[in-house]
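The structure's right below; bear with me while I get my questions together.
The values are calculated or read from the model by the stated rules, or taken from the named source; none is laboratory data. Small disclaimer: the values here were computed from a predicted structure and weren't measured. Heads up, the Cβs are rebuilt from the backbone with ideal geometry, glycines too, and the neighbour counts pull from every protein chain shown.
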Amino acid sequence: MRKLFVAAPACVALIACASGPPLGSRSTWSDGDWHAFSPAASSRRTPDESAAPKKELRLPKRARDKAVHAARNQVGKPEVDRHGKPYPDDCSGLVRTVFDRVGIDLLTDAKPEDNAVTAIYRFAQRYGRVFTGGRPVPGDLVFFRDTYDLNRDGRENDGLTHVAVVDDVEEDGTVIVIHRVHGGVRRYRMNLELRTQTKSAAGRLVNDWLRLAGRTGKAQLTSELFAAYATVLPVEPKLQPTTEKLAELDAAPINGSQR
């Protein structure tokens, strides 16, 4: 079988994120799916921290507004602008950069066996709320499972492999997310009520393709690979859309933030 070799960034701790090649991992090869040149991982389970006592975050004012603004500023860039921080250029690096804007280190509760996405999920359970029903709001997190064959066994048992930030929710329930994918930082759509459709009856795009077809099966949509939402930041009054207000938020100091 002909293999395509791709140079990817150097390996860093706590990585696992991909829609296309697993950006941030070691060099990869593709046979229609993407695989890392590292030992195969075992099947992963989603962590359950529901019984653990909730922890409180110390946050600046309008933390959610600031996080959403930081995510939107990344859209269209070919790689994550990490502002000099040692984060990987992948989905986890994007989310960590966004939450760093409000003084949050999403890997605070990481365990040795976690990939970065699983560690962020664990953080959300300890400091916020993870849910699968209802509608999210801008600034929430979205977790996806099995976006690539992490352990290279040809089965969908790779656990949490991708994370994004909610940008907006349209009237029909379509959720707009911001995430790092193979082409850079992009907006994708996801509608859980139309899980197997790319378009609505009216012809509107409601789900984007998140996993390409490969040796492990057919291509899959964002809605088909959805795992959970998470709320970490407090819900505040409606976002201020004016340029002046956003500039004010960016200039505000971060006081009493959790590091």
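Just to check your reading of the model, which residue among 198, 118 is surrounded by fewer than 18 Cβ atoms within 10 Å (Cβ to Cβ) and β-branched (Val, Ile, Thr)? So that I can check it myself, show each step before the final result.
Numbers: 118 fails: surrounded by fewer than 18 Cβ atoms within 10 Å (Cβ to Cβ).
Checking each option against the conditions leaves just 198.
Same structure, new question: Give the residue that is farthest from residue 163 (Cα to Cα), with candidates limited to residues of the stretch 38-77 that are of a type in the set (Lys, Arg) and modelled with pLDDT of 90 or more.
61
Residue 188 passes all but one of (1) within 28 Å of residue 78 (Cα to Cα); (2) in contact with a helix residue (DSSP H, G or I) (Cβ under 6 Å, 6 or more places away or on another chain); (3) not in a loop (DSSP other than H, G, I, E, B); which number fails?
Only one criterion in (1) within 28 Å of residue 78 (Cα to Cα); (2) in contact with a helix residue (DSSP H, G or I) (Cβ under 6 Å, 6 or more places away or on another chain); (3) not in a loop (DSSP other than H, G, I, E, B) is unmet by residue 188, namely (2).
Starting from residues that are acidic (Asp, Glu) and in a loop (DSSP other than H, G, I, E, B), keep the ones in the stretch 203-254 and report whichever is modelled with the lowest pLDDT. Before you say what the answer is, go through the steps one by one.
Taking the stretch 203-254 as the starting set, the residues that turn out to be acidic (Asp, Glu) are 208, 224, 236, 244, 248, 250.
Narrowing further to those that are in a loop (DSSP other than H, G, I, E, B): 208, 224, 236.
On the way: 208: 95, 224: 94, 236: 72.
The selected residue is 236.
So which of 80, 98 ends up being modelled with pLDDT of 70 or more, surrounded by 23 or more Cβ atoms within 10 Å (Cβ to Cβ), touching a Leu at 6+ places or on another chain (Cβ under 8 Å) and not aromatic (Phe, Trp, Tyr)?
Numbers: 98 fails: touching a Leu at 6+ places or on another chain (Cβ under 8 Å).
Result: 80 is the single residue among 80, 98 that is modelled with pLDDT of 70 or more, surrounded by 23 or more Cβ atoms within 10 Å (Cβ to Cβ), touching a Leu at 6+ places or on another chain (Cβ under 8 Å) and not aromatic (Phe, Trp, Tyr).
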